[in-house]
Each structure stands twice: as C-alpha cells, then as structure tokens.
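Worksheet: one structure, shown below.
The values are calculated or read from the model by the stated rules, or taken from the named source; none is laboratory data. What you see is a predicted model; the values in this text were computed from it and never measured. Here the Cβ positions follow ideal geometry from the backbone for every residue, glycine too, while neighbour counts run over all protein chains shown.
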Amino acid sequence: MHATTEQRNLSSTGIDLRSTSEVVQIFHEEDRKAVAAVEAESDAIARAIDLCVDAFRAGGRLFYVGAGTSGRLGVLDASECPPTFSTPPEMVQGIIAGGDVALRRSVEGEEDKPERGAQAIRELQLISQDVLVGIASSGRTPYVMGALKEAHIIGATTIFLCCVQPPEQLKEWVTHFITPIVGPEIITGSTRLKAGTATKLVLNMLTTVSMIKLGKVYDNLMVDVHASNAKLVTRSTRIVQAVTGVDAAVAEATLARAGGRAKLAIVMLAKGLNPTEADALLERHAGFLRKVLDTEH
C-alpha cells in the first residue's frame, strides 16, 4: 500500500485537459484541505510548542532536519528567526540533506543515507536540552530517520512532522508526533504542494508561538525585531510609536540611542530611563515588555 502522499488524487485526474481557471480552482479546493489537516492537529502542535519553549528556557536549541522541500522549509523558518526576534543564529537551526547546496538544487541520493543524518546530529553536538524536529512528508525519509535516532540516543526531545500515519516503530525514538493528513497531491507525489503548505503552516506556529511565549512579542508587535535594513528600521520606528504614542522623530532618536532595539527604546520612553537602566529593568522581567510596562518604576 503506497503512502497517501503517493496515491492518485481523483479530484485532479484529467487535469491536463482542464482550462487554466479550472486548474486554479482545483488548487484552491485542495489547499483548503491542507489548512484543515493542520487545524485538526492543533493539540499536537500546541504540545510541540510547549516542548520547544521548555527547551529554550533550559538553554536548549531547536533543530529542523529534512530533505528536499521539507529541509528547505526548515532552513527557511530557522533563518527568519534572527531578524524577526533578534535570536542568536544557533538558537533555531535548519539541517538539510546534502548541505547548503541542496537549498538551490537537488542533491541526489543524500536523503537515502540514514548515517548522514546521524552524522549531522553529531557534528552539531546536540545535547539533551535540545529539540529536534524531523520533517518528512512521506513519513519515511532515511536521512531524517537517522537524525531522529541519533538525537534520541543523545537524550534530546524528538518531534516528527509528517503528512501520513507514521510507522509504528518510530515511537521507539520519537517523543511527539504532528501528522496533518493532507491526502493525495494534485500532481501525484509532488509533496511540495499540499504537504509543503501544511509543513510551512506548522513551522510558522512552532517558532512564532514559542517566541511569543518567551516575551519576544508585545500585543501583536515584533518588539524584538532586529533593525538590520531600512525596511526594518522603519518598522521599528512604527512599533515604538504604536506603543508609546511619540512622534516619528522622537521614536527615531530614541531608537538610535537604544542601538536599534525597539523594545529597549520603548522602555526608555515609557519609564524615562537611559539605555543601561532600561536594559536592567528588562533583564529583571526576563525580557517581557508587558511586565515592565505594567510595573511601577
């Protein structure tokens, strides 16, 4: 019996005979199934987030490992954390079978080598406080299996994200499962489609909600944004204005004194503090801006 990701989709048979508009409509209908499949895994996703937050608070890191589209999505999600939340690059990392070259072109055969996955885990020196999320739409990628086994031996928390019912034996070395069952793809076996969409949705939540729980978001604002380019400097200015009510000139000037850190600038303005005093106050409240703002100085 083939995995559901390899089965034919009855909704897209004869797709090469359909009009462009009809094919687009098929995509819409199938993509809705991917979103519904992820929603059905809400409890499992929430549990995985709690595991990640516990790991971060214990000084651990989050690693994604995958091959092909799964690996690329993991690397993408990890690479977005430093600019969005000012996290150190080592806090969330993506591992792809075949290395960085595989981000641009397929590296044939690497995903079939479990020993390479295990080797990657050893080279990155995982520890028991870390979390490894293995991503494999089909539920069976050997590279990912090797990485999960090695992480389990080390004592790290292991999470498996796949779009099929996983093999029973995986329970021996996987702590937790997230399994959005998206069904057969529009183009048979092309898991960059619905499975890729489902994977991206899950990864969005794993890191973003974890960062919310770590105090890196105030209200719905990315107050820990790293203002590393003109767009992000402008965004930081708007964030400071939104929270404090000052005009753009004051926000920009305070941001400059705060070294571009929006959260620090907000505390300086709200509490009338210099950068050193504001930083110390944030430190006392573990970086949670709401706690600082709600506290009498």
In segment 167-186, residues that are part of a helix (DSSP H, G or I) and either closer than 15 Å to residue 117 by Cβ or aromatic (Phe, Trp, Tyr) (or both) total 1
Given (1) on the phi > 0 side of the Ramachandran plot; (2) surrounded by 13 or more Cβ atoms within 10 Å (Cβ to Cβ), index of the condition residue 67 fails: (1)
List every residue pair whose Cβ atoms sit under 6 Å apart, with the two residues 6 or more apart in sequence or on different chains, where the first one lies in segment 243-272 and is modelled with pLDDT under 95 and the second, anywhere, is assigned to a loop (DSSP other than H, G, I, E, B) and among the basic types (Lys, Arg). none
Filter result (in contact with a Ser or Thr (Cβ under 7 Å, 6 or more places away or on another chain) and closer than 14 Å to residue 130 by Cβ) within segment 58-93: 92
Residue check, residue 13 against (1) over 17 Å from the mean Cα position of the chain (by Cα); (2) surrounded by 12 or more Cβ atoms within 10 Å (Cβ to Cβ), all met but one. Which one? (2)
Check every one of the strands (runs of 3 or more DSSP E) wholly within segment 56-166 and list those with 3 or more residues that are more than 30 Å from residue 233 (Cβ to Cβ) and not polar (S, T, N, Q). 62-66, 131-135, 157-161
If I ask for residues that are in a loop (DSSP other than H, G, I, E, B) and surrounded by 18 or more Cβ atoms within 10 Å (Cβ to Cβ), which ones from segment 187-229 would you list? 191, 193, 214, 215, 216, 217, 222, 223, 224, 225, 227
Conditions: (1) touching a Ser or Thr at 6+ places or on another chain (Cβ under 9 Å); (2) among the polar types (S, T, N, Q); (3) surrounded by fewer than 19 Cβ atoms within 10 Å (Cβ to Cβ). Residue 106 meets all but one. Number of the miss? (1)
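Let's see how each residue does on (1) within 25 Å of residue 227 (Cα to Cα); (2) of a type in the set (Asp, Glu):
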{"residue": "57", "(1), (2)": "yes, no"}
{"residue": "74", "(1), (2)": "yes, no"}
{"residue": "82", "(1), (2)": "yes, no"}
{"residue": "99", "(1), (2)": "no, no"}
{"residue": "108", "(1), (2)": "no, yes"}
{"residue": "120", "(1), (2)": "no, no"}
